């Protein structure tokens, strides 16, 4: 394992971990990888053999066209095969593998007082009951169901119930506004909404039903029924909902979950689906314009999430795995629900936030459940770094750490490795299209320059892919043209991920950030992640975000936002020191023109920095468009008030 920012130093896993690993060394990886590219037919057939198929595939395992000049873009995997993903991730374990009593989820609520253990057998029963409720409400194969729930077990029950009966789930992160929810319901043309009465996020009580009702007010003609979960933590001892919420109610549309589930049978025959039938739609967030509904299909998604989970996290049957993401994002779909369950894994399902009711909450949970594999985001790591170097809990159960969501800066990597992993846990830095810094099986990346020419050896440019893997998105729901123009038009014959990438002399791939975050300063293509890593290397800086700003001479220049550690002052000396540091680390070409104090950065509720807004602040553009995905919109006013005077 190579650490970003210190390519000369290698970190090796402990001997016992390496000995028992599915891929024990680099040669084993190369053998498997070569097979996946040279003989994909045999490779994927072998993976498919572990699952149940009602009817086998009749055509080749993978068919596709990536060249817009030759016709429509398409990907077909295991054409002719019929299966059901819910059957494969639940019934198969209970009926064929005798895992009914194994724990599927340890649910840990917002408060440490609220927790629950759910076995595979219990999960199957609840999913079947929910599937029967949906069928009674008129949901059929191909219908869309919108789900607006916090991280509670009912979220998993509902998504898998949809998968069981062939309905297409569209999960909307429960931190989104009514406007965002309404847009997604209307785009998917959903007929049912599943939500909850409310939820505590930290100390704050959120009336989810009220938000849902505001959305439904604008799209009432779409939704025939709204199924409402009484959140466990909001119930009184008698089972009634607490009166803090004043839950709005429309008896023609609204149905309480517990009342609907009460008399429903615990068995439900799965709907056998074609391999390329849709499984779910998931909307991307944070950009301007209409949300983009990414569509995934049954068979390819099952095989790819199952295999990536097994190999990337080196999953073994006695592991306790925890991914801190929200199921409302693709990481949560893949690595909280489908990937772990396909492997019969035991996972932690966490509803809370990292610092409630105290800053040691994550470490407390790791100790409580003896978590062995821990997967989180650099944003979370940086947040917890602020609270010192000694989690006062027993983290000895940890064996592998994972990072996802954005490139991780060296300081955060080092802290995660030394403090959380205690210097003995490998860190897998995952990018959903390539695993760590070498591509996953079946994934063939290359790097292109601005003119679409392939770059050999050491290079930096656009990350693209020559051919599909089974779990790749199939289209933008209802808008194939947008799908083709976003991902295939720029370089015909390649899938363009939208990310910048660097390949080093040893063949390692370093994902440097979104191409939107690439800076072109005086003709030099530079990644924001690199500059941010240099800035966070300064002892006073806890977080940094870098965007471009037009410059008369250079075309673009660097405008940096820095968040300082508590008690550090922002002054001229610090600014000059930061500029000098970037110059030393990267070179004179990367020296920032502007460095602004940022007490906080504009982030989505999932913790991603909204660089679009930072670019507009840097350019003093006041019309910011949709801010509904921001966790704290007040941050924007503060940043405008502290803009660098020289940039006015």
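The values are calculated or read from the model by the stated rules, or taken from the named source; none is laboratory data. What you are looking at is a predicted structure, and each value in this text was computed from that prediction instead of being measured. Neighbour counts are summed over all protein chains in view; Cβ atoms, including those assigned to glycine, are modelled from backbone coordinates with ideal geometry.
Quick one: is residue 461 in a strand (DSSP E or B), surrounded by fewer than 20 Cβ atoms within 10 Å (Cβ to Cβ) and in contact with a strand residue (DSSP E or B) (Cβ under 8 Å, 6 or more places away or on another chain)?
The answer is no for residue 461.
Could you tell me whether residue 568 is more than 30 Å from residue 181 (Cα to Cα), without any contact (Cβ under 8 Å) to a residue 40 or more places away in the chain and in a helix (DSSP H, G or I)?
No.
From the list 583, 612, 619, 568, which one is within 25 Å of the chain's Cα centre (by Cα) and surrounded by fewer than 20 Cβ atoms within 10 Å (Cβ to Cβ)?
So the residue among 583, 612, 619, 568 that is within 25 Å of the chain's Cα centre (by Cα) and surrounded by fewer than 20 Cβ atoms within 10 Å (Cβ to Cβ) is 612.
Conditions tested, residue by residue: (1) surrounded by fewer than 16 Cβ atoms within 10 Å (Cβ to Cβ); (2) farther than 11 Å from residue 124 by Cα.
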| site | (1), (2) |
| --- | --- |
| 67 | yes, yes |
| 70 | yes, yes |
| 75 | no, yes |
| 80 | yes, yes |
| 83 | no, yes |
| 86 | no, no |
| 106 | no, yes |
| 110 | no, yes |
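Which one is farthest from residue 203 (Cα to Cα) among residues in region 364-391 that are modelled with pLDDT of 95 or more and surrounded by fewer than 21 Cβ atoms within 10 Å (Cβ to Cβ)?
370
Looking at residue 438, is it outside the structural domain of residue 533 (by TED's automatic domain parsing), outside any helix (DSSP H, G or I) and either at pLDDT 95 or above or within 25 Å of residue 322 (Cβ to Cβ) (or both)?
yes
Within region 271-284, work out how many residues are within 28 Å of residue 174 (Cα to Cα) and in contact (Cβ under 8 Å) with a residue 24 or more places away in the chain.
So the count comes out to 7.
Determine which member of the set 146, 170, 190 is in contact with a strand residue (DSSP E or B) (Cβ under 6 Å, 6 or more places away or on another chain), in a loop (DSSP other than H, G, I, E, B) and crowded, with 20+ Cβ neighbours inside 10 Å.
190
Filter region 183-208 for residues that are free of Cβ contacts under 8 Å to residues at least 40 places away in the same chain, closer than 23 Å to residue 325 by Cα and over 21 Å from the mean Cα position of the chain (by Cα) and give the result.
The answer is 204, 206.
Within region 515-532, is there a residue that is buried (at least 21 other Cβ atoms within 10 Å of the Cβ), in contact with a helix residue (DSSP H, G or I) (Cβ under 7 Å, 6 or more places away or on another chain) and at pLDDT 85 or above?
So far as region 515-532 goes, yes, one or more of its residues are buried (at least 21 other Cβ atoms within 10 Å of the Cβ), in contact with a helix residue (DSSP H, G or I) (Cβ under 7 Å, 6 or more places away or on another chain) and at pLDDT 85 or above.
Need pairs with beta-carbon distance below 7 Å; first residue outside the structural domain of residue 582 (by TED's automatic domain parsing) and part of a strand (DSSP E or B) and within region 531-549, second at pLDDT 90 or above and buried (at least 24 other Cβ atoms within 10 Å of the Cβ); sequence gap 6+ or separate chains.
none
Return yes when residue 39 is closer than 30 Å to residue 124 by Cβ and out of contact with any strand residue (DSSP E or B) (no Cβ under 9 Å at 6 or more places or on another chain) and no when it is not.
The answer is no for residue 39.
Select, from 155, 216, 205, the only residue that is assigned to a helix (DSSP H, G or I) and within 25 Å of residue 632 (Cβ to Cβ).
Just one listed residue meets the conditions, 155.
Tell me which residues, restricted to region 580-598, are outside any strand (DSSP E or B), touching a strand residue (DSSP E or B) at 6+ places or on another chain (Cβ under 7 Å) and at pLDDT 85 or above.
Across region 580-598, the qualifying residues are 592, 593, 598.
When you scan region 442-458, how many residues do you find that are outside any strand (DSSP E or B) and over 20 Å from the mean Cα position of the chain (by Cα)?
Here the count works out to 11.
Which one of 98, 110 is in the same structural domain as residue 190 (by TED's automatic domain parsing) and either farther than 24 Å from residue 199 by Cα or out of contact with any strand residue (DSSP E or B) (no Cβ under 7 Å at 6 or more places or on another chain) (or both)?
Every option except 98 fails the conditions.
Any chance region 220-233 includes a residue that's in a helix (DSSP H, G or I) and in contact (Cβ under 8 Å) with a residue 40 or more places away in the chain?
yes
Does region 294-313 include one or more residues that are in a loop (DSSP other than H, G, I, E, B) and over 17 Å from the mean Cα position of the chain (by Cα)?
Checking region 294-313: not a single residue is in a loop (DSSP other than H, G, I, E, B) and over 17 Å from the mean Cα position of the chain (by Cα).
Of all the residues that make up region 611-648, how many are at negative phi, in contact with a helix residue (DSSP H, G or I) (Cβ under 9 Å, 6 or more places away or on another chain) and assigned to a loop (DSSP other than H, G, I, E, B)?
So the count comes out to 11.
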